[in-house]
Amino acid sequence: MINSELVEARGIIDLIASMLLGSLKPLKGHLAADARRDVGIMVRNAVMLIVTGTFPEAIVTCANSIRLAGATLAGITALRVAMSAEAPSYLAGRSIVKATLLICLAQEARIIASTTFESRQDVNSVAAAVALAYAPVEEIFSEWTDPSIFLALLRLHSDIVRYLTDAARPLPKMISYDFPITMPSLAMSNRIYGVGDRAEQLVLENKVVHPAFMPRAGQMLAN
């Protein structure tokens, strides 16, 4: 392995490590400490992982630690998008990128499966993102001589779509509201639902800065 190939692959691993840690909000607690340790070990052993071809095992360990420590779906998605934009010149870098793409999709699936959705629109938004995520990765692995990875991707994709479909079925729809005046969230909750205890829900759904000043037009759960 020539030096330029090693340098390129090491740079990709450094980027992966930085983005994995960046997906944690906040970086506190013993699980976060475990995740930092695992990522640190991966970075310190980067050359050995590249030369021996054992990077996939390391990224699996790090990604699992990061997820258990509270990594966000947006953070893991950002790493996958960054890897999709990489175009390594050498085999080592390309192998690292492909392994990371697969691990990101697996971790995203696990995070999605542990998410509590509030409305069908939330589910539909994730489903649309899933469709965009899998298409380019499936195209990459469809050309491999060994079809097992491609088939596993298709199964995972299908399982997530089925899960999201089932998750959406019992959830209420989001609908629009439009009032002639601005009112506090408590008053709006009473007006819409006949009770005041859904005021916080309205605030969160509309990302309101102060609950005393709800927007005249916004989004609400249908029931």
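Taking the conditions exactly as written (of a type in the set (D, E, K, R) and closer than 16 Å to residue 121 by Cα), does residue 159 satisfy them or not? No. Within region 74-89, being of a type outside the set (Gly, Ala, Ser) and either surrounded by fewer than 16 Cβ atoms within 10 Å (Cβ to Cβ) or without any contact (Cβ under 8 Å) to a residue 12 or more places away in the chain (or both) holds for one residue alone: 81.
Select, from 101, 156, the only residue that is modelled with pLDDT of 90 or more and over 24 Å from residue 17 (Cα atoms). Walk me through how you get there before you give the answer.
Numbers: 101 fails: over 24 Å from residue 17 (Cα atoms).
The match here is 156.
Contact annotation: no residue pair with Cβ atoms under 6 Å, 6 or more positions apart or on different chains, pairs a residue in region 107-133 that is touching a residue at least 60 places away in the same chain (Cβ under 8 Å) with a partner that is of a type in the set (Lys, Arg) and assigned to a helix (DSSP H, G or I). Checked against (1) outside any helix (DSSP H, G or I); (2) closer than 23 Å to residue 76 by Cα, residue 152 passes all but a single condition, namely (1). Answer yes or no as to whether residue 106 is hydrophobic (A, V, I, L, M, F, W, C) and surrounded by 13 or more Cβ atoms within 10 Å (Cβ to Cβ). Considered against the rule, which asks whether it is hydrophobic (A, V, I, L, M, F, W, C) and surrounded by 13 or more Cβ atoms within 10 Å (Cβ to Cβ), residue 106 comes out as yes. The set of residues from region 42-60 being touching a residue at least 24 places away in the same chain (Cβ under 8 Å) and not in a helix (DSSP H, G or I) comprises just one member, 53. Scanning region 178-195 for residues that are surrounded by 15 or more Cβ atoms within 10 Å (Cβ to Cβ) and either among the aromatic types (Phe, Trp, Tyr) or assigned to a loop (DSSP other than H, G, I, E, B) (or both) yields a count of 4. Taking region 8-41 as the range and being assigned to a helix (DSSP H, G or I), closer than 18 Å to residue 107 by Cα and of a type in the set (Lys, Arg) as the test, only 36 passes.
Only one of (1) modelled with pLDDT of 90 or more; (2) surrounded by 19 or more Cβ atoms within 10 Å (Cβ to Cβ); (3) closer than 22 Å to residue 67 by Cα is not met by residue 93, so which one is it? Of everything listed in (1) modelled with pLDDT of 90 or more; (2) surrounded by 19 or more Cβ atoms within 10 Å (Cβ to Cβ); (3) closer than 22 Å to residue 67 by Cα, residue 93 misses just condition (3).
Would you be able to say whether some residue in region 125-141 is on the phi < 0 side of the Ramachandran plot, among the aromatic types (Phe, Trp, Tyr), not assigned by TED's automatic domain parsing to the domain that holds residue 100 and not in a loop (DSSP other than H, G, I, E, B)? Yes, there is a match, as at least one residue in region 125-141 is on the phi < 0 side of the Ramachandran plot, among the aromatic types (Phe, Trp, Tyr), not assigned by TED's automatic domain parsing to the domain that holds residue 100 and not in a loop (DSSP other than H, G, I, E, B). Checked against (1) surrounded by 12 or more Cβ atoms within 10 Å (Cβ to Cβ); (2) in a helix (DSSP H, G or I), residue 165 passes all but a single condition, namely (1).
Return yes or no: is residue 82 in contact with a Lys or Arg (Cβ under 7 Å, 6 or more places away or on another chain) and closer than 27 Å to residue 50 by Cβ?
Working: in contact with a Lys or Arg (Cβ under 7 Å, 6 or more places away or on another chain): no; closer than 27 Å to residue 50 by Cβ: yes.
Here the answer is no, as residue 82 does not meet what is asked.
Scanning region 196-223 for residues that are more than 18 Å from residue 117 (Cα to Cα) and part of a loop (DSSP other than H, G, I, E, B) yields 196, 197, 208, 209, 210, 211, 212, 213, 214, 215, 216.
Select, from 10, 36, the only residue that is over 20 Å from the mean Cα position of the chain (by Cα), assigned by TED's automatic domain parsing to the domain that holds residue 90 and charged (D, E, K, R). Just a single option satisfies the conditions, and that option is 10. Would it be correct to say that residue 76 is farther than 30 Å from residue 173 by Cβ and in a helix (DSSP H, G or I)? Judged against the criteria, residue 76 is not a match.
The values are calculated or read from the model by the stated rules, or taken from the named source; none is laboratory data. If you're wondering where the values come from, they're calculated on a predicted model, not measured in any experiment. Cβ atoms come from the backbone with ideal geometry, glycine included; neighbour counts cover every protein chain shown.
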